[in-house]
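Notes follow once the structure below has been shown.
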Amino acid sequence: MSDGGTIRLAIVVSRFNRAVTDNLLEGAMQAAAKYGVVVDDDDVFPVPGAFELPLVALAAARCPQYHAVVCLGAVIRGETPHFDYVCEQAASGIRDASLSTGKPIAFGVLTTDDLPQALARAGGAVGNKGYEAVVTAVETLEVLSRLQGPGTRA
């Protein structure tokens, strides 16, 4: 990580599919600790589901104390098209929030066909996408800092 000072993240995490999202949050906190990123309990914002992630991510990104935001969630395919609507709106809303604020908002939202696939990506055989989302936010901040010049931060 660059020497531009301490990075502070907000984490917005869905409570829906909590067996998965709790693991994603644990991975995110491990990555934050490893990379020296500040994330206190007050910096974690639980929301009901993935559909609510973009609004709270936007609000967090507008807060000057946060350099970036990490969104964590798990949308598991069911028998109705609800999955498609929630995934599309969560993804586009998070993208729009990032573009409108100019701050990185990492997409740590799993979109899987079943629970075993989700668990494999939340600390199982495929790794932990919550951990990866924090790494993504940090790396994006570093790139933005390079683009803005020495002594600046996104």
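The values are calculated or read from the model by the stated rules, or taken from the named source; none is laboratory data. Just so you know, these numbers come straight off a predicted model, no measurement behind them. So basically every Cβ, Gly included, is an ideal-geometry build from the backbone, and we count neighbours across all protein chains shown.
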Kindly indicate whether any position in the range 51-67 is farther than 22 Å from V20 by Cα, in contact (Cβ under 8 Å) with a residue 60 or more places away in the chain and surrounded by fewer than 18 Cβ atoms within 10 Å (Cβ to Cβ). no
Among the listed residues T136, T111, which satisfies the condition of being more than 15 Å from I76 (Cβ to Cβ) and either modelled with pLDDT of 95 or more or of a type in the set (V, I, T) (or both)? T136
Those residues that are surrounded by fewer than 21 Cβ atoms within 10 Å (Cβ to Cβ), touching a residue at least 12 places away in the same chain (Cβ under 8 Å) and of a type outside the set (D, E, K, R), I need them from the range 30-46; list them, please. Q30, Y35, G36, V38, V44, F45, P46
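Can you pull out the residues in the range 73-95 that are closer than 23 Å to E142 by Cβ and in contact (Cβ under 8 Å) with a residue 40 or more places away in the chain?
If the condition is that a residue be closer than 23 Å to E142 by Cβ and in contact (Cβ under 8 Å) with a residue 40 or more places away in the chain, then I94 is the only one that fits.
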Matching residues in the range 88-108 - criterion: being surrounded by fewer than 21 Cβ atoms within 10 Å (Cβ to Cβ) and either among the basic types (K, R) or modelled with pLDDT under 95 (or both): R95
Sort through R15, R62, R95 and tell me the only one that's among the charged types (D, E, K, R) and touching a Lys or Arg at 6+ places or on another chain (Cβ under 9 Å). R62
Does the range 126-150 hold any residues that are part of a loop (DSSP other than H, G, I, E, B) and out of contact with any helix residue (DSSP H, G or I) (no Cβ under 9 Å at 6 or more places or on another chain), and which are they? G149, P150
